[in-house]
Structures are given as structure tokens and as C-alpha cells.
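This report concerns only the one structure given below.
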Amino acid sequence: MANVALRLPENVPGDFFVDSTCIDCDACRQIAPETFAEDTDYSIVHRQPQTDEEIRRAMMALVACPTGSIGTVAHHDAHLGIDAFPELIAENVYYCGFNAESSFGAWSYLIVRPENKGGNVLIDSPRFATQLVKKIDAMGGVRTMFLTHKDDVADHQRFADRFKCERIMHADDGAQRLGIERVIRGGDPVELDQDLIAIPVPGHTRGHMLLLYRNKFLFTGDHLAWSPNRQTLIAFRNACWYSWTEQTKSMRRLLGYEFEWVLPGHGRIHHDTRRKMKAHLQRCIEWMERV
Ligand code: SF4
């Protein structure tokens, strides 16, 4: 829980506040933009929530915050935020909330499917919070845990122990060292089942992979995200730990796939038609080749 003594002076006066432990991960600004905004190296409360729905969204941000940097002066029922997760994005795809600090607040997702359709898939690791684990259990547990890359593994071991799921990760990101059950090797895509394709995309890290579900939902880790400022798809030039050249090549190979959703670990979610997604991707590649 945030410490009122560390309340940032840039917050507007009132109930909700962000303290100086904020790591500027952007989660609160995505979840409750009417309340939270960016201010240099932090998020702040730029406007106090007014309506019940705005308070609920602000409480969701409080729960998702990986560092517990959001606080309130007044008492609020924490279940307002807790019970909202996992939050439905579309169809059977959910955002887990409960972002983990060890993943620098990366977003994780849950695909909910019947057992005979392959079972549930957890993409990257949220915080292993009891309330979330119980909810996931009630939604059918986790059959498969897909880890896009080594930065966003967080509490993967605890989820694996709890749900006895099979974890999938690429060898080049240290999968064997982490005790991963199914290790992907090489640069070819791997069809995991009739709806899921693992796509190696070296660049951000050597063993980064994407997960494509139903040729519609693309879980992109730290490879690709939407930029609200540029209004197009982007890659993170300043957070490319392995090779920008390789990442650009990986991005070009993505042109061979169809998708309507980009669901990243960091950066913004985006939904659009397949045709427009391809145009954004092309624009992103042209930009990557220039910088
Ligand atoms: S979610 Fe927490 S750590 Fe992330 S930007 Fe907001 S206050 Fe900061």
C-alpha cells in the first residue's frame, strides 16, 4: 500500500494519490486514464475520480500497480478492484491485472478455453496473488503457460506448481535453466494446437516469442505495441537488449501473419482490422529500418 508521507506533490489534492515508489510502468494510465497521467518519471493523479465507475477503475489501477504505489486517504472496499480481474478484453481473452514488479509491471493475459479445446493459457506471469489465483482456478485453472521472454516470467514457478501447467519458452532465453517443461528451439514457428502458434522473434531478447491465437489475437511481449502518441505500432528502440537488426527482420516476418489484436507486455493494446494492422506493421518496419 502506498505511503501518504511519500505522496508526490504533483498529484492533485484529494483522496487518491501516487507515491514516490512509482516505477512509471504505465499500467494505471491505461486502466484509468481519467484519473492517472504521466508526469516526467512518474504517474500522478491528474484528476480525482468522480463517479462510481471512475472510482472502480482507479481501484483496479491500485490493485494492478506492481509496486503498491497508489493509495487513498479514505477507505474503499479493495474488492472493487480485486474482483474486476481477470478483466475481459474480447471473446475469451482476459487481462489478468496484478502486474508483477519483477516483470517491471508487464501485462499478462489469460485465454479461457474448455479442456477439450486445449484448456486455459496464461501468457506471461502476473503476481502470484491469492485473490487472482482463486479466480483463475474458478475459471478453469491453467493448462499452459506461455512465456514470451525472460523479462516477464515473474512468478512462473509458483503458477506452475499450483496449476501443474506446462510452461513453454524459447531455449535462447534460458528456458532450460528455468526448468521449463516445453522448450522451443530455432527460428521456425511452432503450431502448439489448432488455434495457437508460437512465433520466434529474436530482437528484444535472443529468445523472444509471440503467441498467435486464432489468427486474431497476437500476444507480443516486448516485441511490438501500440503507441497512442504516434497512433501506430512501434517497437522499443531503447529497450532492445539483443539486436535491433534481428528485431527488424523478425518484424518483417510477421507480415506473413494475420491478426486483429496486439496485446503487449508493455505499451498499449490495439484492436483494428487485419488490413489496417498490416499497414501499421509495414509502417513500423519502415521506421525501424530508418533508425
Ligand atoms: S501502475 Fe503503479 S508503478 Fe505503474 S505507473 Fe501507475 S503508479 Fe506507477
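Subtracting the Cα-Cα distance of Arg230 and Arg47 from their residue separation scaled by 0.36 nm leaves 63.4 nm. Distance between the 7 Å Cα→Cβ label points at Ala90 and Asp15: 3.3 nm. Does anyone have the angle between helix 274-290 and the longest principal axis of the chain? Alpha-carbon axes, 0 to 90°, nearest 10? The helix 274-290 is inclined about 90 degrees to the chain.
Return one number: the angle in degrees, 0 to 90 and rounded to the nearest 10, between the long axis of the Cα atoms of helix 52-64 and the longest principal axis of the Cα atoms of the chain. Roughly 60 degrees between the two axes. Here the sum of -39500 (n - 2.57) over DSSP H runs of 4 or more residues, divided by the residues of the chain, equals -6500 deg cm²/dmol at 222 nm, to the nearest 500. The DSSP beta bridges internal to segment 162-291 are antiparallel in roughly 70% of cases. What's the whole-number percent of alpha carbon pairs in the chain lying beyond 34 angstrom? Roughly 19 percent, rounded to a whole number.
Restricting segment 50-110 to GluC sites (Glu not before Pro) that sit in a DSSP loop and have at most 15 other Cβ atoms within 10 Å of their own Cβ leaves Glu91.
Annotation for segment 8-84: trypsin sites (Lys or Arg not before Pro) lying in DSSP loop with at most 10 further Cβ atoms inside 10 Å of their Cβ do not exist.
Counting only the Cα atoms, segment 8-59 fills a convex hull of 66 Å³ per residue. With the convex hull drawn over the C-alpha atoms of segment 63-110, the volume per residue is 67 Å³. Per residue, the convex hull spanned by the Cα atoms of segment 2-142 measures out at 103 cubic angstrom.
Taking the convex hull of the alpha carbon positions in segment 72-179 and averaging its projected area over all directions gives 7.5 nm². The count of lysine pairs in the chain whose Cα atoms are under 24 Å apart, excluding pairs fewer than 8 places apart on the same chain, comes to 13. Summing +1 for each Lys or Arg and -1 for each Asp or Glu, what net charge is found among the other residues whose Cβ lies under 9 Å from the Cβ of Trp261? With Lys, Arg at +1 and Asp, Glu at -1, the net is -1.
For Thr148, the shell of other residues with beta-carbons less than 11 Å away shows a net charge of -4, using +1 for Lys and Arg and -1 for Asp and Glu. Look at the dipole of the chain built from charges on Cβ: of Phe128, Thr72, Thr144, the Cα furthest out on the positive end belongs to Thr144. Taking GluC sites (Glu not before Pro) across segment 199-282, the ones in a DSSP loop with at most 16 further Cβ atoms lying within 10 angstrom of their Cβ are Glu258. For Thr40 and Met1, a Förster radius of 30 Å and the Cβ-Cβ distance give a FRET efficiency of 0.80, rounded to the nearest 0.05. When you restrict to C-alpha pairs under 8 Å that are six or more residues apart and normalise by the size of segment 132-291, the relative contact order lands at 17 percent. Label reach from Thr130 (point 7 Å along Cα→C-beta): in segment 1-45, amide nitrogens under 18 Å belong to 1.
Rounded to the nearest 0.05, what FRET efficiency do Arg283 and Lys249 give with R0 = 22 Å and r taken as the Cβ-Cβ distance? Could you check? Working from the Cβ atoms, E equals 0.85. Run the numbers on the chain and let me know its relative contact order in percent, using alpha-carbon pairs under 8 Å that are six or more apart. Over the chain, the number comes to 10 percent. Please list, in order along segment 156-162, the HN-Hα scalar couplings obtained from phi with the Karplus expression 6.51 cos²θ - 1.76 cosθ + 1.60 (θ = phi - 60°), rounded to whole Hz, x for Gly and Pro. Couplings: 4, 5, 5, 5, 5, 5, 6 Hz. Calculated on the Cα set of segment 150-248, radius of gyration then Dmax: 14.2, 41 Å. Segment 10-49 and segment 207-228 have Cα centres separated by 27 Å.
Backbone geometry of segment 228-234 corresponds, through the Karplus equation with coefficients 6.51, -1.76 and 1.60 at θ = phi - 60°, to 3J(HN,Hα) couplings of x, 5, 8, 6, 7, 7, 9 Hz, x marking Gly and Pro.
Residues whose amide H falls under 5 Å from that of Met145, counting only those 5 or more places apart or on a different chain, are Leu122, Glu166, Arg167, Ile168, with hydrogens built in the peptide plane.
Selection among Gln157, Ala198, Ile234 by position relative to the dipole of the chain gives Ala198 as farthest towards the positive end (Cβ unit charges, Cα centre).
Every number in this text was worked out from the coordinates using simple rules, so none of it is lab data. Here the structure is a predicted model, which is why all the values come from computation and not from measurement. For neighbour counting, all protein chains shown are included, and Cβ atoms are generated from backbone atoms with ideal geometry for every residue, glycine included.
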